[in-house]
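The values are calculated or read from the model by the stated rules, or taken from the named source; none is laboratory data. No experiment lies behind these values; they were computed from the predicted model shown. Glycine gets a Cβ as well: all are built from the backbone with ideal geometry, and neighbour counts include every protein chain shown. Side chains are part of the model used for accessible areas, which takes the heavy atoms of the whole protein and leaves out ligands, DNA and RNA. Shrake-Rupley method; radii C 1.70, N 1.55, O 1.52, S 1.80 Å.
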Amino acid sequence: MEQFVVEGGNRLDGSLLVKGAKNSMLPIMAASVLNSSEESVVLHNIPNIYDLHVMKNILGALGFEVVYRGDTLQVTPGAEIHHTIPDEFMKEMRSSIFLMGPLLARLGKVKLTYPGGCSIGPRPIDLHLKGLASLGVQVREENGYIEASAEKLLGTDIHLDYPSVGATENLIMAAVLAHGKTIIHNAAKEPEIVDLQNFLNTMGCQVRGAGTEKIRIAGVPAAGGCHYRIIPDRIVAGTYLMAAAITGGQVTLHNIIPTHLDAVVAKLKEAGVEIQGTEDSLTVLNGRLQAVETLRTLPYPGFPTDLQAPMSALLTKARGDSLIVESVFEARFQHMQELIKMKAQVSVKGRNALITGVERLVGAQVNATDLRAGAALVLAALAAEGTSVIQHVWHIDRGYECMEKALGQLGARIQRTSGLDLSP
Ligand code: UD1
């Protein structure tokens, strides 16, 4: 069981390159299943994170040859493509659900179990299933398995009850080879959906409107191989901006798309953090942290729920009271209990958390309960007095490539160890 041991109190200084976005890479890898040509799909700017390897193994089990070298991933269809996703993969990663749309489009059938994933509240897939049913998919549930099939997928109008990121992506991927036109209304507008659209169009599909609430898809007979570069990870970038800010450091992040972080930069500025930008970089300069009135998580272009936990860590050190409202996921405050162990002042009621800034955080042994909660605890540990031990860092590895090396490069004192227990 690996953990991070962090000696707090060092300012972060320097610069980092940000790699491709996990939340683009996973649906795009799933969309590679649509390729029925002899050419490969070659993806560039791939981060070496745990979820990459899970998705790589799933594609392998489905009959694809997948080679990861440098930051490039090559996916080549084998002679036979299977339609069943083994249960152990479904349990391991929620994003395995992304295979549903492309497998239905490519083979007309898919068999899988309900997806697992991190413990941030119930994560149903009703919107995925309802949308697929509109496209003509029949869904049966038996002995814990979902079996879905369609003689022919037929383009149609789909109205999402909520702009779910995953449902929007799954439905786009199901519709690209359908007969006729599909329009998805109330679609999610995240940059990763635009990235998926651009990838699919590079494969020869016809998708328009991603980034707005209406996405139009004209079905094509087949999709082929291509080269594609994944957009930079705005959540990783946001996390490292906050890491710099909580230590009072000066850090520049390169290879990012600053406009994807507009809501985040606005909130950081409200919290007293000075930030300067260029076309593809952002620099955090030293500032005096102050509370923000309300931080409400929202679908894009609002403040991302994935940065709520790291931002909460920052606000524990900001003078005054900050109210956090988590409107996207029901149970995404598990990091708060751990921050309290580090002497943060937080009170949680339902989806609201009130943080009163403190002068000093104190190192403690804490538990990374999920990916972004883990990142938040690392940030708090960087700013705390003394030593912190963050357990279950495999959660952090799901979405951050060697976080300890990236932060170490900026001057943080952070080490990955196995099983060292500093509890009294
Ligand atoms: C994606 C991101 C995740 C991010 C989230 C919200 C990936 C791989 N993951 O997750 O990092 O936190 O968007 O920005 O891209 N919902 C339903 N029924 C459904 C689907 C969703 O009720 O069928 C609800 C969820 O329970 C949640 C809300 O909708 O409360 C948002 O979920 P969704 O946008 O689907 O998030 P994911 O695609 O799972």
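Observations on the model:
- Only Cα pairs under 8 Å and 6+ residues apart enter the sum, and on that basis the relative contact order of the chain stands at 21 percent.
- Ranking of 56, 341 by solvent-accessible surface, largest first: 341, 56 (1.4 Å probe, protein heavy atoms only, all chains present).
- Each Lys or Arg adds one and each Asp or Glu subtracts one; over the other residues with Cβ under 9 Å from the Cβ of residue 256, this totals -1.
- With Cα atoms, 0 to 90° folded angle of helix 50-61 axis to the chain main axis: 20 degrees
- Of 172, 228, 282, farthest towards positive along the dipole that unit charges on Lys, Arg, Asp, Glu beta carbons give the chain: 282
- With all protein chains in place and a 1.4 Å probe, the accessible surface of the chain carries 48 percent carbon and sulfur.
- Taking the average, over residues, of other Cβ atoms within 10 Å as the packing measure, peptides 266-278, 83-95 rank 83-95, 266-278 from highest down.
- With a 1.4 Å probe rolled over the protein heavy atoms of all chains, the accessible area of 130, 214, 349, 22 falls in the order 349, 130, 214, 22, largest first.
- Cβ-derived FRET efficiency at R0 51 Å, residue 347 paired with residue 220, nearest 0.05: 0.40
- Relative contact order of the stretch 126-219, defined on C-alpha pairs under 8 angstrom at six or more residues apart (%): 26 percent
- The stretch 22-229: relative contact order as a whole-number percent, Cα under 8 Å and 6+ apart: 22 percent
- D_trans [Stokes-Einstein, Kirkwood Rh over alpha-carbon pairs] for the chain, 4 °C, 1.567 mPa s, µm² s⁻¹: 59 µm²/s
- Of 254, 227, the order by accessible heavy-atom surface (1.4 Å probe, DNA, RNA and ligands excluded), from most exposed downward, is 227, 254.
- Simple label model, 7 Å out from Cα along Cβ direction - residue 418 to residue 330, nm: 3.8 nm
- At a probe radius of 1.4 angstrom, the accessible area of the chain per residue rounds to 39 square angstrom.
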